[in-house]
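Asks: Pasting a structure below so you can have a look.
The values are calculated or read from the model by the stated rules, or taken from the named source; none is laboratory data. None of the values given here were measured: they were computed from a predicted structure. When we count neighbours, we look across all protein chains shown, and the Cβ atoms used for this are built from the backbone with ideal geometry, even at glycine. Calculation scope for accessible area: heavy atoms of the full protein, side chains included, ligands and nucleic acids excluded. Shrake-Rupley method; radii C 1.70, N 1.55, O 1.52, S 1.80 Å.
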Amino acid sequence: MTTSEIGAGIGGANYVGEISPNYRFLNNQPAMTIFYRHDISAPITLKAAFMGSHRIFSDKAFKDESQNLPHHDWRDTELKLSMLEFSLGIEYNFLDYYEDVRKPHRVSPYFFVGAALLNFNHQLTRQGDVMEPFDNKFAVTIPFGVGVKYALSKHWNLGLEFGPRFMFTDNLDYLQESGSGLLATDLGASSSKAYANPFDKDMYFYNGISLSYTLYRLNCPPVYKRKAGILD
């Protein structure tokens, strides 16, 4: 028997970078995901997913002032960010989730890792003035994390997932070593090194809850073929 799942989920997307150097739950902005899973063995599942995140209110932003730190208070910037991600990944289930589909309470934690293409649109402002306008960019990211799924019935599954996305760029927030010249001028800084951390890359998170429907396929045994005997 092989199984596939189609599902959707809601949750939050969270940015971590110069403006918000640590994960803060209150920084989550709404996110949605749709996905398809296909098992290739009892513990291994392949997954393809789309994830999108956009602020509900136009003034929603990641803000330096929320950190209440001297350097952040001096920089005083705000980042508006929208994201669309397509990812392909592999999941390792620690328990045999489909060992007996008749069981009413099946559950399995899992670990996942993959690769993703991120399309993001961002704007940087300071004290109401636009330092960098909205601009659309692409980046390759590495998603990984943990999750758990629980069988509500033979076909319906409830899932929880949390995972960061590592990036190879430091430009998600415009605050990089070769970043905004206008911001440097506005701050009276000689270069962007005064307001950016050149040693860390930006990253973002997705955490959410999902509902999926399982499709079952019974694999028929191969057709029996009688082998020719010695006297045939």
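Asks: Here's a check for you: in region 35-60, which residue that is outside any strand (DSSP E or B) and hydrophobic (A, V, I, L, M, F, W, C) is most open to solvent (accessible area, probe 1.4 Å)?
Replies: Per the criteria, the residue is 57.
Asks: Looking at residue 208, is it farther than 26 Å from residue 113 by Cα and touching a strand residue (DSSP E or B) at 6+ places or on another chain (Cβ under 9 Å)?
Replies: So residue 208 fails the test.
Asks: Shifting gears a bit: If you go through region 76-91 one residue at a time, do you hit one that is within 26 Å of residue 217 (Cα to Cα), in contact with a Phe, Trp or Tyr (Cβ under 6 Å, 6 or more places away or on another chain) and open to solvent by 40 Å² or more (accessible area, probe 1.4 Å)?
Replies: So far as region 76-91 goes, no, none of its residues is within 26 Å of residue 217 (Cα to Cα), in contact with a Phe, Trp or Tyr (Cβ under 6 Å, 6 or more places away or on another chain) and open to solvent by 40 Å² or more (accessible area, probe 1.4 Å).
Asks: Looking for whichever is of a type in the set (S, T, N, Q) and touching a Phe, Trp or Tyr at 6+ places or on another chain (Cβ under 8 Å) here; the options are 41, 20. Which one fits?
Replies: Step by step, each of 41, 20 is checked, and only 20 is of a type in the set (S, T, N, Q) and touching a Phe, Trp or Tyr at 6+ places or on another chain (Cβ under 8 Å).
Asks: Mind telling me which of the residues 157, 121, 197 ends up being of a type in the set (S, T, N, Q), at pLDDT 90 or above and open to solvent by 30 Å² or more (accessible area, probe 1.4 Å)?
Replies: 121 is the lone residue from the list that is of a type in the set (S, T, N, Q), at pLDDT 90 or above and open to solvent by 30 Å² or more (accessible area, probe 1.4 Å).
Asks: Still on this structure, I have one more. Kindly indicate the residue of region 63-90 that is touching a Lys or Arg at 6+ places or on another chain (Cβ under 6 Å) and modelled with pLDDT of 90 or more and also farthest from residue 140 (Cα to Cα) among those meeting that condition.
Replies: Restricting to residues being touching a Lys or Arg at 6+ places or on another chain (Cβ under 6 Å) and modelled with pLDDT of 90 or more, the top hit is 77.
Asks: Hey, could you check region 92-116 for residues that are of a type in the set (A, V, I, L, M) and within 22 Å of residue 23 (Cα to Cα) and say which is surrounded by the most Cβ atoms within 10 Å (Cβ to Cβ)?
Replies: For region 92-116, the residue satisfying everything is 116.
Asks: Here's a follow-up. Within region 124-154, restricting attention to residues that are among the aliphatic types (A, V, I, L, M) and modelled with pLDDT under 95, which residue is most open to solvent (accessible area, probe 1.4 Å)?
Replies: Taking the candidates together, the pick is 152.
Asks: Tally up the residues in region 10-31 that are part of a strand (DSSP E or B), in contact (Cβ under 8 Å) with a residue 40 or more places away in the chain and surrounded by fewer than 21 Cβ atoms within 10 Å (Cβ to Cβ), please.
Replies: 3
Asks: Just to be sure, is residue 141 within 22 Å of residue 60 (Cα to Cα) and touching a strand residue (DSSP E or B) at 6+ places or on another chain (Cβ under 7 Å)?
Replies: Taking the combined requirement at face value, the residue does not satisfy it.
Asks: Considering every residue within region 61-75, establish whether at least one is open to solvent by less than 20 Å² (accessible area, probe 1.4 Å), outside any strand (DSSP E or B), over 26 Å from residue 109 (Cβ atoms) and basic (Lys, Arg).
Replies: Within region 61-75, one or more residues are open to solvent by less than 20 Å² (accessible area, probe 1.4 Å), outside any strand (DSSP E or B), over 26 Å from residue 109 (Cβ atoms) and basic (Lys, Arg).
Asks: Return a yes/no flag: does region 204-221 have any residue that is out of contact with any Leu (no Cβ under 6 Å at 6 or more places or on another chain) and without any contact (Cβ under 8 Å) to a residue 40 or more places away in the chain.
Replies: Yes, some residue in region 204-221 is out of contact with any Leu (no Cβ under 6 Å at 6 or more places or on another chain) and without any contact (Cβ under 8 Å) to a residue 40 or more places away in the chain.
Asks: Considering only strands (runs of 3 or more DSSP E) fully contained in region 77-178, which possess at least 3 residues that are charged (D, E, K, R)?
Replies: In region 77-178, 77-93, 129-151 are the strands (runs of 3 or more DSSP E) which contain 3 or more residues that are charged (D, E, K, R).
Asks: Return the total of residues in region 169-192 being in contact (Cβ under 8 Å) with a residue 24 or more places away in the chain and over 32 Å from the mean Cα position of the chain (by Cα).
Replies: So the count comes out to 2.
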